[in-house]
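The values are calculated or read from the model by the stated rules, or taken from the named source; none is laboratory data. Everything quoted here is computed from the prediction, not taken from an experiment. Every residue, glycine as well, gets a Cβ built from its backbone with ideal geometry; the counts of neighbours run over all protein chains shown.
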């Protein structure tokens with residue numbers, strides 16, 4: 001059983017479109033992180049959210065942590081080909097436990 | 001800083017052979033993690049160390065897998081004997097307590 005479920009698994013959109021990807025769990029997390037991974041490279045951290053209901057913006061990317069700290073979403077406005085990659089969410093049950101990762105959403109933005 | 005360095009980048013070996021993957025964490029980081037990534041299962045934690053001491057190896061799939069961290073700047077993950085189902089990308093990551101993970105670029109292992 002996957003602790004963190006990400007949806008959709010695959011997403012292919014045209015440049016300029018908006019999109020939202022989701023990360024859901026039945027467990028509560030003390031913090032949740034989003035990473036982006038490009039082919040042949042390791043995941044790179046985008047953002048960490050720690051407070052229920054928290055919203056963080058990173059240019060065209062908006063991250064939200066659910067009120068109950070069980071789920072999160074990533075919204076991209078006006079997607080660009082450079083946004084293409086595998087988006088992974090990862091949660092920590094407490095401050096000193098290792099991260100568990102979802103399987104990711106593979107995004108392809110077509111010019 | 002050069003980041004987390006893994007070697008080799010690619011490894012192709014025959015079933016039954018021993019495989020050793022290497023990792024140099026970021027200097028000063030006190031946590032080191034080994035993950036395995038496949039399409040089917042995503043990123044799975046195999047083992048992690050704190051101050052060179054193994055803390056949790058419950059993710060290590062079988063006794064064929066072993067990991068060591070002889071000092072703060074080096075860790076190895078060994079598979080002996082290797083099997084085709086071990087084919088995956090193996091990532092090493094390091095961090096400071098409470099701080100984000102920094103991943104290496106992985107070792108792509110193919111066992112034929």
By my count, strands (runs of 3 or more DSSP E) wholly in segment A:47-111 with at least 3 residues that are within 11 Å of another protein chain (Cβ to nearest Cβ) are A:85-92
Can you name every residue in segment B:27-50 that is under 14 Å from residue B:90 (Cβ atoms) and in a loop (DSSP other than H, G, I, E, B)? B:41
Of the residues in segment B:51-74 that are part of a loop (DSSP other than H, G, I, E, B) and within 14 Å of chain A (Cβ to nearest Cβ), the one that is farthest from residue B:24 (Cα to Cα) is B:58
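How about segment A:1-27: which of its residues are out of contact with any strand residue (DSSP E or B) (no Cβ under 7 Å at 6 or more places or on another chain) and without any contact (Cβ under 8 Å) to a residue 60 or more places away in the chain? Steps first, answer last, please.
Residues of segment A:1-27 that are out of contact with any strand residue (DSSP E or B) (no Cβ under 7 Å at 6 or more places or on another chain), as a first pass: A:1-2, A:16-17, A:26-27.
Listed by number, the residues that qualify are A:1, A:26.
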Has segment A:10-22 got any residue that is within 14 Å of chain B (Cβ to nearest Cβ), surrounded by fewer than 15 Cβ atoms within 10 Å (Cβ to Cβ) and at pLDDT 95 or above? yes
By residue number, the members of segment A:25-46 that are assigned to a strand (DSSP E or B) and either over 14 Å from the mean Cα position of the chain (by Cα) or closer than 19 Å to residue A:83 by Cβ (or both) are A:33, A:34, A:35, A:36, A:37, A:44, A:45, A:46
Looking at B:66, B:87, can you tell me which residue is out of contact with any helix residue (DSSP H, G or I) (no Cβ under 7 Å at 6 or more places or on another chain) and over 18 Å from residue B:9 (Cα atoms)? B:66
